[in-house]
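One structure is given here, and the rest of the page talks about it.
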Amino acid sequence: MNPNTPIIQLRNVNISYLQNRHGVFSLKDFVIKASRLSPFVRRTVLEDISFKIDKGEAVGILGRNGCGKSTLLRTISGIIKPDKGEVVVNTRLLPLLALGVGIELELTGMENIRIMMALTGQYSRATIKKYTESIRDFSGLSEEQLQMPAKMYSTGMLARLAFSTATATQPELLLVDEVLAVGDKGFQEKCYERIQELRSSGTTLVFVSHSPDELRSICSRGICLDDKRMIFDGPIDGAIGSYLNLFHYTPRHGHTGE
């Protein structure tokens, strides 16, 4: 890949989905409640989103709940296809790092690790052994816990498995959707250290969080979303300022966000 080629590029992307508006959950409901009207209405989530992210950048995504942050990450990861526009990702796509995404709950922790290693193209007896030991040590999950079905894990254990597996190798692109918020303080600190190591090694990071302090410590650039559109794209302090202004909040300690 040409070093000047963006690793991510979105051009005029629009995302929408069908929303149930009549409480139709069965054929009987459809006949009774919606025989004359469509049971669904199309709701726009993101509208006319365009930006590019270069290799090695760390970009934070901010916005109120329901503004489309997770939808944006799922679109970049290829889980959601846009209604209009173009999404170009010039690297191998790994599973989105978010709770409930990329982890097969019916499989054991160990089986999930093997699947993730297969997706990275590093599936061999030697690499599985090497990375399994690394993942076990970093996550703090015991051998017994790794042999349990993931559906028996707590949210914290799922976060440990997901983060440890996704960052065991040197990914070119890491998409993180608030998964660090559920970990305990000790594990969070380990995660931030790992993220800084990956950044220093050239990993591109797209990071969704509601914490200005987290974003300021990790990201140099921020994108703020509101009312389906991108309202800011620039230095992280400016993005944080735009986000806080959505709540008419004035930051303390001289952080104006401008």
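Just so it is clear, none of the values below were taken in a lab; they were calculated from the coordinates. Being a predicted model, the structure only gives us computed values, none of them experimental. Because the Cβ atoms are built from the backbone with ideal geometry, glycine has one as well, and the counts that use them run over all protein chains shown.
Restrict the search to segment 107-164; then list the chymotrypsin sites (Phe, Trp or Tyr not before Pro) that DSSP places in a loop and that have at most 16 other Cβ atoms within 10 Å of their Cβ. Intermediate results must be reported in sequence, preceding the final value.
On the way: sites: Tyr123, Tyr131, Phe138, Tyr153, Phe163; in loops: Tyr123, Tyr153.
Hits after loop and neighbour filter: Tyr123.
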List the residues, sorted by chain then number, that are 5 or more residues from Glu178 or on another chain and whose placed amide H is less than 5 Å from its amide H. Val208
Distance in Å, no decimals, from the C-alpha centre of segment 130-165 to the one of segment 51-71 is 27 Å
Hey, if you drop one equal point scatterer on each alpha-carbon of segment 101-169 and run the Debye formula without solvent, what base-10 log of I(q)/I(0) do you get at q = 0.16, 0.18 Å⁻¹? -0.44, -0.56
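Which order results if Thr44, Thr165 are arranged by neighbouring Cβ count within 10 Å, fewest first?
Working: Thr44 12, Thr165 29.
So the ranking, lowest neighbour count to highest, is Thr44, Thr165.
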Within 10 Å of each residue's Cβ, count the other Cβ atoms and sort Asp237, Asp177, Asp48, Asp213 from fewest upward. Asp213, Asp48, Asp237, Asp177
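Give me Met116, Met152 ranked fewest to most by other Cβ atoms within 10 Å of their Cβ, as a rough exposure proxy.
Details: Met116 24, Met152 11.
Lowest to highest Cβ neighbour count: Met152, Met116.
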